[in-house]
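Visitor: Before we start, here is the structure in question, set down as structure tokens.
The values are calculated or read from the model by the stated rules, or taken from the named source; none is laboratory data. Just so it is clear, the model here is predicted, and its values are computed rather than measured. Please note: Cβ atoms are built from the backbone with ideal geometry, for glycine as well, and neighbour counts cover all protein chains shown.
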């Protein structure tokens, strides 16, 4: 008995991915340029992890009027103050940007906030990040992204061949830059959880790319006389069903985080939702079609990819 209804993508799909490569590469370049321009003009809306300041989580009964509460805190002249509902309407995150790292100044700000809020407020969490530590975290986060990109490229290069390594690197750069550009364009808060999401997006994207690359290498052994464009199209279509199922199931889990996860991981969830879409797109429409421009030929399989019998005969 065959369960044809389980095939999200029909087995006989023959979509011409390579024929659309000029449109897809044009779209990718446009997304990349928009991201770079936004980063250059607007920059990132760094969270308290990077800018430094005090974060206070409180629970207030009954839920406060946010406009009145914001006016009351701004009247304290403590600097930049931001308020956010944290899950429930009576759970509030108060962020106060503070440039002074001294314990005395921290205690003064926290005391002023407590006095302004009055009695009956449950102070659930208080954190402080100094501006110097924030600058170091920015540098460490950028280095983490850079080293992950280099490591991924080296792995794919040695696992397959230089064309595949270069294609994976370009695709991963595309995903990282457009993800960071999304946060810059819409001025979403960029914090340490967002850096973790960017690294996750890079690994997730390259995983899908490697699956397609492995099928291309396998077909290079089987169809040595097949034109490279037909071979890549065949490989893409053969892995399409697996890719769609993987992305859909991951997307369901990440959407649950986005809807029910609360404010703390909202940036992580947004980055992951975007990363799933852009990772699926770049694997099929960037990492694979770009091989056509690197003079990849099916009549010369990558080193180490020949069957064992052929290697022994040689």
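Visitor: Restricting attention to helices (runs of 4 or more DSSP H) lying wholly within region 197-314, give those where 2 or more residues are over 18 Å from the mean Cα position of the chain (by Cα) and at pLDDT below 85.
Guide: Fully inside region 197-314 and qualifying: 228-260, 308-313.
Visitor: Considering only residues that are more than 11 Å from residue 208 (Cβ to Cβ) and surrounded by fewer than 24 Cβ atoms within 10 Å (Cβ to Cβ), which ones fall in region 279-289?
Guide: Scanning region 279-289 gives 285, 289.
Visitor: Can residue 246 be described as out of contact with any helix residue (DSSP H, G or I) (no Cβ under 6 Å at 6 or more places or on another chain) and in the same structural domain as residue 157 (by TED's automatic domain parsing)?
Guide: Against the criterion (out of contact with any helix residue (DSSP H, G or I) (no Cβ under 6 Å at 6 or more places or on another chain) and in the same structural domain as residue 157 (by TED's automatic domain parsing)), residue 246 qualifies.
Visitor: Residue 12 - would you say it is modelled with pLDDT under 75 and either outside any helix (DSSP H, G or I) or touching a strand residue (DSSP E or B) at 6+ places or on another chain (Cβ under 7 Å) (or both)?
Guide: Values: modelled with pLDDT under 75: yes; either outside any helix (DSSP H, G or I) or touching a strand residue (DSSP E or B) at 6+ places or on another chain (Cβ under 7 Å) (or both): yes.
Against the criterion (modelled with pLDDT under 75 and either outside any helix (DSSP H, G or I) or touching a strand residue (DSSP E or B) at 6+ places or on another chain (Cβ under 7 Å) (or both)), residue 12 qualifies.
Visitor: Ok, one more. Select from region 26-64 the residues that are free of Cβ contacts under 8 Å to residues at least 40 places away in the same chain and in a loop (DSSP other than H, G, I, E, B) and write down the one among them that is farthest from residue 173 (Cα to Cα).
Guide: For region 26-64, the residue satisfying everything is 62.
Visitor: Right, here's the next one. Of these, 67, 116, 140, which one is without any contact (Cβ under 8 Å) to a residue 40 or more places away in the chain, outside the structural domain of residue 266 (by TED's automatic domain parsing) and not in a strand (DSSP E or B)? Walk me through how you get there before you give the answer.
Guide: Details: 116 fails: without any contact (Cβ under 8 Å) to a residue 40 or more places away in the chain; 140 fails: outside the structural domain of residue 266 (by TED's automatic domain parsing).
Criteria check complete, one pass: 67.
Visitor: Okay, next question. How many residues, within region 237-255, are exposed (fewer than 14 other Cβ atoms within 10 Å of the Cβ) and free of Cβ contacts under 8 Å to residues at least 24 places away in the same chain?
Guide: The total comes to 3.
Visitor: Further question: I'd like to check something: does region 149-168 contain any residue that is within 30 Å of residue 103 (Cβ to Cβ), part of a helix (DSSP H, G or I), in contact with a helix residue (DSSP H, G or I) (Cβ under 6 Å, 6 or more places away or on another chain) and not assigned by TED's automatic domain parsing to the domain that holds residue 91? Explain how you work it out, then say what you get.
Guide: Going through region 149-168, the residues within 30 Å of residue 103 (Cβ to Cβ) turn out to be none.
No, region 149-168 contains no residue that is within 30 Å of residue 103 (Cβ to Cβ), part of a helix (DSSP H, G or I), in contact with a helix residue (DSSP H, G or I) (Cβ under 6 Å, 6 or more places away or on another chain) and not assigned by TED's automatic domain parsing to the domain that holds residue 91.
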